[in-house]
Every structure is written in structure tokens, then in C-alpha cells.
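Quick notes on the structure that follows.
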Amino acid sequence: MRTTWCSASVLVSLTALLWATPTAVSQPRIEEPKSRSQSQSQPETFEADCRTVVEGSRATAYCHNPYPETDRVQLHVECERWWDVDADSAPVSIGPAGYAELTERCWKEIREVWVSHRPLQDSAGT
């Protein structure tokens, strides 16, 4: 096979383009420390501490609210079987120093359990 000047110049041009093309490199994101003004502009959320326990097909969440704000919690259960209906408990408001147990179940196995939080603003004087 014989290389001509034209094909050699094309090869050199393509090689130079490939070497000059930037490539994406995945790097971990470094979070910058928040300044005092940024932390004061965002309100702090106070969520109740919840612990979930799964026993067979029954899930229970034990929640305690050590904060001065009321937190509304709800237990969500995702069942393993496609025909088994997922369950969400009724939302429960837990006041300051309050405690609640939430229970839901599946007919068979449980795939995932989590607790959602929605802080409520208490009215002044109550």
C-alpha cells in the first residue's frame, strides 16, 4: 500500500484534531462553605427523628420530635410484588417533644420504607 501526500496530510490533520479535542473528565464536586449571609437567608428545617422497623410484611415508624416546631410525618411503604398495593399512612402532626408510631403493611414482602416530613408553622401563642 502506498501512502500519498494527500492521504498523509489528512491523517496528520485528523490526529491533530483528536489530540486538540477536549475530553470530559468526571471530578467530584467540592462544596464551598456557606457564608454567614447565605445561611441566614435559608430557614432551618426541624424534622422529627424517625426510626423504621420492618418485620415480615409490616412496617412501623417510631418518630420523636425534639424541636420547638410541629412536624407532620407520613409513612410510605412500597411492596415487592407488582400486584400488592403500596401503602401510605395518614399524615400525623407531632408537636414539640411529641411521639408517634405509624404502621402500614403489605400482603407479602416489603421493598422499601421511608418517612416524609412536612414542617408546619405553629401559630403564635399556642
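The values are calculated or read from the model by the stated rules, or taken from the named source; none is laboratory data. Predicted model, so just to flag it, every value in this text is computed and none were measured. Glycine also receives a Cβ, built like all others from the backbone with ideal geometry; neighbour counts cover every protein chain displayed. The area values use the complete protein model at the heavy-atom level, side chains included, leaving out ligands, DNA and RNA. Shrake-Rupley method; radii C 1.70, N 1.55, O 1.52, S 1.80 Å.
Conditions: (1) modelled with pLDDT under 95; (2) open to solvent by 50 Å² or more (accessible area, probe 1.4 Å). Thr103 meets all but one. Number of the miss?
Status for Thr103: all satisfied but (1).
How about the range 55-76: which of its residues are surrounded by 14 or more Cβ atoms within 10 Å (Cβ to Cβ), more than 14 Å from Glu101 (Cβ to Cβ) and of a type outside the set (Lys, Arg)?
Answer for the range 55-76, where residues must be surrounded by 14 or more Cβ atoms within 10 Å (Cβ to Cβ), more than 14 Å from Glu101 (Cβ to Cβ) and of a type outside the set (Lys, Arg): Ser57, Tyr67, Glu69, Thr70, Asp71, His76.
When the range 80-100 is examined, which residues are found to be open to solvent by less than 30 Å² (accessible area, probe 1.4 Å), of a type outside the set (S, T, N, Q) and part of a loop (DSSP other than H, G, I, E, B)?
Result: Asp84, Gly95.
Mind listing just one residue for me: the one in the range 30-54 that is under 20 Å from the mean Cα position of the chain (by Cα), of a type outside the set (A, V, I, L, M) and open to solvent by 90 Å² or more (accessible area, probe 1.4 Å) and, of those, modelled with the highest pLDDT?
So the residue we want is Arg51.
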